[in-house]
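The structure appears right after this line, and notes come after that.
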Amino acid sequence: MKKPSFRAAGLACALLFAGAASSHAEHVVYRGITTIQWERLNFLTATGVTTETKGTQKLLQIGIYSSLGNTGYALYTLNNSTKVATKATGNFSRGPTIFQNYRGSGLGFEQHKQFNTRWSEDIPGIGDTEDIWNLKTGDFGGPRSMVPLRDAGFSIQAARKLSGFHTHTICSEDFGFDPVAPSGYAAGRFYHINNSKSSFKLDLKLTDQANDLGGSLANAITVTDADLIAKGFAIMAVPALPF
């Protein structure tokens, strides 16, 4: 059964980036926080009652992307209480917009809008193939500067900080959430909104290690996995982001 991935919303939101850099450099590693404020209206035809629920969720995340504008990425979401890090890997359909010579600096500003998209989800066995609709909008970015990598032996152009906001709406006109139903849904409707705020900083140590090894996505994942395992985390693979 497919259900909306509210974690991916934050993240959806959250997190993934790219841009031009030294010809030697490739993938960079960021650590940050995505805070999600969510609200849901849920109506079930059987009860005739609409319920409203709200909440806040804070996600600790690590994002890997290509500083050269390639599309490979990895996104980790960390749970400190269980010591589990979920990891999604995949490819974006397009990279960010790079504004060159930002404020006359000769460097750039990167704006990430990969998350601005819409898609549908199917609830197997009921309805048609477009049971739930998703819409995500927002942006994420920051000014770039030259960052020296001591072990790799060169500098890259990258944003030391990235921040932004996203709104992710998930809704259905035919089904509402019903924990009693085998599918998790029943006749009705729902509207769910995630408003997320993300703030990330370049992890210079892991970025340097990844580029010292060659700078590929696999290199960056290797050093990030090793860092998390050394800190006692178990790593669990999850599907790629749905956009």
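Largest accessible area first, the residues SER199, SER66, SER145 order themselves as SER199, SER145, SER66 under a 1.4 Å probe with ligands, DNA and RNA left out. In units of the compact-protein estimate 2.2 N^0.38 Å, region 127-224 shows a Cα radius of gyration of 1.68. Ordered by solvent-accessible area of protein heavy atoms (1.4 Å probe), largest first, the residues TRP119, TRP38, TRP133 come out as TRP133, TRP38, TRP119. Measuring how big the chain is from its alpha-carbon positions, Rg and Dmax come out at 19.6, 66 Å. Full extension of the chain between ASP139 and GLU173 yields a length gain of 9.5 nm, computed as 0.36 nm times the residue separation minus the alpha carbon distance.
Short to long, the 10 Å bins of the Cα pair-distance histogram for region 32-145 hold 10, 26, 33, 21, 7, 2, 0 percent of all pairs. Remark: spin-label model distance THR35-LEU204 equals 2.6 nm, labels positioned 7 Å along the Cα→Cβ axis. Once both axes come from the Cα atoms, what is the angle between helix 204-213 and the longest principal axis of the chain, in degrees from 0 to 90, rounded to 10? Tilt relative to the chain: about 70 degrees.
In the context of the full set of protein chains, residues of region 92-188 present 51 Å² of accessible surface per residue (probe radius 1.4 Å, heavy atoms only). Computed over protein heavy atoms with a 1.4 angstrom probe, the accessible surface ordering of SER105, SER155, SER93, SER67, largest first, is SER93, SER105, SER155, SER67. Computed with a 1.4 Å probe on the full set of protein chains, the accessible area for MET236 sits at about 100 Å². A Förster radius of 25 Å, combined with the Cβ-Cβ distance separating THR129 from THR45, puts the computed FRET efficiency at roughly 0.70. If the Kirkwood radius is taken over C-alpha pairs of region 28-95, then at 25 °C and 0.890 mPa s the Stokes-Einstein diffusion coefficient equals 165 µm²/s. Pairs from the table (LYS58/LYS205; LYS87/LYS231; LYS83/LYS136; LYS83/LYS201; LYS83/LYS231) lying more than 19 angstrom apart at Cα are LYS58/LYS205; LYS83/LYS136; LYS83/LYS201.
In plain terms, the chain is cut at each of the GluC sites (Glu not before Pro) found in a DSSP loop with at most 13 other Cβ atoms within 10 Å, and the longest leftover piece is 1-129. From most to least packed by mean Cβ count within 10 Å, the peptides 184-193, 76-85 give 184-193, 76-85. Excluding same-chain neighbours fewer than eight residues apart, the aspartates and glutamates reachable from LYS197 by a Cα-Cα span under 18 Å are GLU39, GLU110, ASP139.
The values are calculated or read from the model by the stated rules, or taken from the named source; none is laboratory data. Please read these numbers as outputs of a predicted model, since none were measured by experiment. Positions of Cβ are backbone-derived with ideal geometry, glycine not excepted, and every protein chain shown enters the neighbour counts. To get the accessible areas, we keep the full protein, side chains included, count just its heavy atoms, and leave off ligands, DNA and RNA. Shrake-Rupley method; radii C 1.70, N 1.55, O 1.52, S 1.80 Å.
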